[in-house]
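Novice: Got a structure for you, questions after.
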Amino acid sequence: MNIFNEEGLIDSDAQDILYELGNVGLGSASITIGRIMGLRLHIGVPKIAPMDEKLAEEMVNFNGKFGVMMKFQKTLNGSMLISMKEEFVDIVIEKMAEDKELICDASERMSLLQEFANIICAAYLKAVGQYTDMRIYVKPAGLEEITIDNIMIKYNKAICIDTGFTVVYENGEFLDNVGRVIMLPDEESAGKLIEPLCD
């Protein structure tokens, strides 16, 4: 199935399938995050678009400077990006740290953040893999500077499947749009994800 139609836009059927994959992936990841954090998450509406400078700028402005990036291996080309606002990063680190005295240590914070991103990514891709009947592999997480130039150089041919989430507390209070899980397959890989789900 072609990702793009004759007008150069993402085909509507392809967009529907990628939208569903974003829902399925983050739906599974949100359950895992909820168990780890003891929090409930509200999943946003997936956004499907080809990577361009406007989208890259939005990704950069979301959390300021850094995100956790994991590259696909073997079956797909592209990456997963876990992007979180600083207020949520602090919550994640506090919840995951076994030794609370270490949470101010920069290397310990980085290790905990990468571990958390690996867990999210594993849950997301396991669900997508079951849905598409594919084995999807990624390289372990690494912190990557998120700049417009960096994104456009590495991912200018990617299809962006961007799904955000909000934290909801038991008392009804919430932290709005604190994180995003973004799948960035190239066009060929997006086609591989779509093909098993076409009628």
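The values are calculated or read from the model by the stated rules, or taken from the named source; none is laboratory data. Keep in mind the model is a prediction, meaning the values are calculated, not measured. A quick note on method: Cβ atoms are made from the backbone with ideal geometry, for glycine too, and the neighbour counts reach across all protein chains shown. Please note that ligands, DNA and RNA were not included when accessible areas were found on the heavy atoms of the full protein model with its side chains. Shrake-Rupley method; radii C 1.70, N 1.55, O 1.52, S 1.80 Å.
Novice: In a shell of Cβ-Cβ distance under 13 Å around residue 120, excluding residue 120 itself, what net charge do Lys and Arg (+1) and Asp and Glu (-1) give? Please list the in-between numbers first.
Specialist: Values: positive: 35, 126, 180; negative: 115.
It works out to a net charge of +2.
Novice: Before I look further, what does the chain give for accessible area per residue, probe 1.4 Å, in whole square angstrom?
Specialist: Details: 10450 Å² over 199 residues.
Per-residue accessible area for the chain comes out at 52 Å².
Novice: With axes computed from alpha carbons, what is the tilt in degrees of helix 53-63 against the longest principal axis of the chain, rounded to the nearest 10 within 0 to 90?
Specialist: Its long axis makes an angle of about 20 degrees.
Novice: Cβ neighbours within 10 Å, averaged per peptide: list 113-123, 42-52 in order, most packed at the top. Could you put the intermediate results ahead of the total?
Specialist: Values: 113-123: 20.1, 42-52: 16.8.
Highest to lowest by the protection proxy: 113-123, 42-52.
Novice: Specify the residue with the greatest mean-square fluctuation among 107, 30, 83, computed from a Gaussian network of the chain linking alpha-carbon atoms under 10 Å apart.
Specialist: Ranking 107, 30, 83 by mean-square fluctuation puts 107 first.
Novice: Now, a different point. Using only the Cα atoms of the chain, construct the convex hull and provide its projected area averaged over every direction, in square nanometres to one decimal. Provide the component values of the computation, followed by the final result.
Specialist: Values: hull surface 45.8 nm².
Reported value for the Cα convex hull: 11.4 nm².
Novice: Taking only Cα atoms, what is the 0 to 90° angle, nearest 10, from helix 12-37's long axis to the longest principal axis of the chain?
Specialist: 20
Novice: Additional query: Determine the share of the chain's accessible area contributed by carbon and sulfur atoms, expressed in whole percent, with a 1.4 angstrom probe. Don't skip to the answer; put the middle values down first.
Specialist: Details: 4920 of 10450 Å².
Roughly 47 percent of what the probe reaches on the chain is carbon or sulfur.
Novice: Can you grab the distance from the C-alpha centre of region 174-199 to the C-alpha centre of region 153-171, Å, no decimals?
Specialist: Answer, in whole Å: 9.
Novice: Would you mind checking the tilt of helix 86-96 against the longest principal axis of the Cα atoms of the chain, expressed as 0 to 90 degrees and rounded to 10?
Specialist: Orientation of helix 86-96: about 70 degrees from the principal axis.
Novice: Please list, ordered by chain and number, the residues whose modelled amide H lies under 5 Å from the amide H of residue 4; skip anything fewer than 5 residues away on the same chain.
Specialist: 11
Novice: If contacts are Cα pairs under 8 angstrom and at least 6 residues apart, what is the relative contact order of the chain in percent?
Specialist: Details: 348 pairs, mean separation 68.1, N = 199.
Relative contact order of the chain: 34 percent.
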